[in-house]
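In what follows, a structure is listed as structure tokens, so that the remarks can point back to it.
Readers should treat all values here as calculations from the given coordinates under stated rules, not as data from a laboratory. Predicted model, so just to flag it, every value in this text is computed and none were measured. A quick note on method: Cβ atoms are made from the backbone with ideal geometry, for glycine too, and the neighbour counts reach across all protein chains shown.
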Amino acid sequence: QVQLVESGGGLVQPGGSLRLSCAASKIIFNIYRMGWYRQTPGKQRELVARITSGSITNYADSVKDRFTISRDNAKNTVYLQMNSLKPEDTAVYYCNTYPPEYDYWGQGTQVTVST
């Protein structure tokens, strides 16, 4: 069974940075487009950033120029570097394929941006 395990979340002050990681197993990782998604209570999960197998990237307008998605196919890992964090970035962050597969959702990692 495919496993996607997110890590790297935490509490950070506004303007700070975090780097999220997502380790994939039991998946032919390098052929998939991957995405980072986030969800806050009462809202639908939204796509934050995505990356093709060839590392072409795309970002939601709300995070453009602040977040960077990357991948290391040798390590079956996708990353999300988040800079200049804002309180509105507070959410649980998940990785999945793009488009997402229902059965692949993991537990996510909580990111809280607050003073």
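Quick one: length gained pulling Q13 to Q1 fully straight, 0.36 nm per residue minus the C-alpha distance?
Extending this stretch completely gives an extra 0.6 nm.
By the scheme Lys and Arg +1, Asp and Glu -1, what is the net charge of all other residues having a beta-carbon under 9 Å from that of V111?
After counting each charged neighbour, the total is 0.
Checking the cross-link filter: which lysines have an alpha carbon closer than 19 Å to that of K43, excluding same-chain neighbours under 8 positions apart?
K86
Can you pull the one-decimal nm distance between simple spin-label points at A60 and T40, each 7 Å off the Cα toward Cβ?
Distance between the two pseudo-spin positions: 1.0 nm.
Grab the alpha carbons of segment 8-47, take their convex hull, and tell me the volume per residue in Å³.
Given the Cα convex hull of segment 8-47, per-residue volume reads 125 Å³.
With every atom except the alpha carbons ignored, what do you get for Rg and Dmax of segment 31-74, in angstroms?
Computed over the Cα atoms of segment 31-74, radius of gyration and Dmax are 11.5, 37 Å.
How high is the relative contact order of the chain? Use alpha-carbon pairs under 8 Å, at least six apart in sequence, and give a whole percent.
RCO, the chain: 37 percent.
Rank D72, D89, D61 by mean-square fluctuation in a GNM of the chain with C-alpha springs under 10 angstrom and give only the top-ranked residue.
For the chain, modelled as a Gaussian network with Cα springs under 10 Å, the answer is D61.
Give me P(r) over segment 62-108, computed from all C-alpha to C-alpha distances, binned every 10 Å, as integer percentages.
That works out to 20, 49, 29, 1, in percent per bin.
What is the diffusion coefficient of the chain in µm²/s, taking the Kirkwood radius over Cα pairs and the Stokes-Einstein relation at 37 °C with a viscosity of 0.692 mPa s?
Value of D from the Cα-based Kirkwood radius: 235 µm²/s.
Using a Cα-Cα cut-off of under 21 Å, which lysines could be cross-linked to K75, ignoring same-chain neighbours fewer than 8 residues away?
K26
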